[in-house]
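Colleague: Attaching a single structure in structure tokens format; questions to follow.
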Amino acid sequence: DEQGSISFTTLFGDTRIEFGEPERIEEKFKNLRLFYDQVLSKGAWKTYKEISVKYKGQVKTVLK
């Protein structure tokens, strides 16, 4: 966007991933992968409207 923040939508479902600014990229992907392994891999993709990894050390979600 205009402020340099990155977001994308998953191919499976319509979940929006808020990535934030392009910094700490490896950490953000690691957090996203952990969330996927622990939560989304159990079939919960349709539960979440938005997943945010832009904040340091945390994953925030918005339910549908």
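The values are calculated or read from the model by the stated rules, or taken from the named source; none is laboratory data. In this text, all values refer to a predicted model and were calculated from it rather than measured experimentally. With ideal geometry, Cβ positions are generated from the backbone for all residues, glycine too; neighbour counts draw on all protein chains shown. Protein only, heavy atoms only, side chains kept; ligands, DNA and RNA dropped before computing areas. Shrake-Rupley method; radii C 1.70, N 1.55, O 1.52, S 1.80 Å.
Colleague: Residue by residue through segment 19-44, note down the ones that are assigned to a loop (DSSP other than H, G, I, E, B) and open to solvent by 70 Å² or more (accessible area, probe 1.4 Å).
Modeller: Listed by number, the residues that qualify are Glu21, Pro22, Glu23, Arg24.
Colleague: What's the number of the condition Thr15 fails, among (1) hydroxyl-bearing (Ser, Thr, Tyr); (2) over 18 Å from Lys64 (Cα atoms); (3) surrounded by 14 or more Cβ atoms within 10 Å (Cβ to Cβ)?
Modeller: (2)
Colleague: If a residue has to be within 11 Å of Thr15 (Cβ to Cβ), part of a strand (DSSP E or B) and of a type in the set (D, E, K, R) to count, how many in segment 46-60 make the cut?
Modeller: Number satisfying all stated conditions: 2.
Colleague: Another question, then. Is there any pair linking a residue in segment 45-64 that is open to solvent by 60 Å² or more (accessible area, probe 1.4 Å) to one that is assigned to a strand (DSSP E or B) and basic (Lys, Arg), with Cβ under 6 Å and at least six apart or on different chains, and which?
Modeller: Listed by first residue and then by second, the contacts come to Val62/Lys49; Lys64/Lys49.
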